[in-house]
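Colleague: Can you read through this structure? Questions will come right after.
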Amino acid sequence: MALSFSSIDVGLAARHLQQMPPMPTLPTTTLPPLPSIPNLPQPTMPRPGALPPLPTMPALPSLPSVPRATLPPLPSMPSIPTAIPSIPFLSPPPSPSPST
């Protein structure tokens with residue numbers, strides 16, 4: 001509901017602005033020129049060939065050799081049977097004979 005009232009107010013304000021007489025022209029003034037910026041000194045960069053060479057790295061001492069550890073062999077795993085054994089079925093009990 002508030003949105004509907006606000007849109008009515010915006011419409012009325014826009015219509016009011018359109019019906020106003022044109023704005024009088026303002027006198028134009030000329031702005032003074034901007035002051036010039038003095039040239040800043042540029043930093044001097046050394047040429048790539050003018051740098052001294054980097055010092056060489058000293059040779060690293062060799063590390064002593066470490067004896068290799070040997071592991072015992074793993075025990076063999078038992079084989080898993082792939083055939084399903086047959087399940088013996090019990091025979092049903094004998095049916096009672098009719099007595100006479």
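Quick note: the coordinates plus some simple rules give every number you see, no bench work behind them. Predicted, not measured: the structure shown is a model, and the values here were computed from it. As a convention, Cβ positions derive from the backbone with ideal geometry for all residues, glycine included, and neighbour counts pool all protein chains shown.
Colleague: With just the Cα atoms of the stretch 54-95, tell me how far they stretch along each of the three principal axes, in Å, largest first.
Modeller: 105, 28, 13
Colleague: Then there is this: Once every DSSP H run of n ≥ 4 in the chain is given -39500 (n - 2.57) and the sum is divided by its residues, what mean residue ellipticity at 222 nm do you get, rounded to the nearest 500 deg cm²/dmol?
Modeller: -6000 deg cm²/dmol
Colleague: Per Stokes-Einstein, at 20 °C and 1.002 mPa s, what whole-number D in µm² s⁻¹ belongs to the chain, with the Kirkwood radius over Cα pairs as the hydrodynamic radius?
Modeller: Answer, rounded: 68 µm²/s.
Colleague: In nm, what is the difference between 0.36 nm times the number of residues separating Arg68 and Thr29 and their Cα-Cα distance?
Modeller: The Arg68-Thr29 span can extend by a further 4.8 nm.
Colleague: I want to check the label-to-label distance for Gln42 and Thr56. Put each point 7 Å from Cα in the C-beta direction and report it in nm to one decimal.
Modeller: The two pseudo-label positions are separated by 3.8 nm.
Colleague: Compute the angle between helix 2-19 and the longest alpha-carbon principal axis of the chain, please, reported from 0 to 90 degrees and rounded to the nearest 10.
Modeller: Around 30 degrees separate the two axes.
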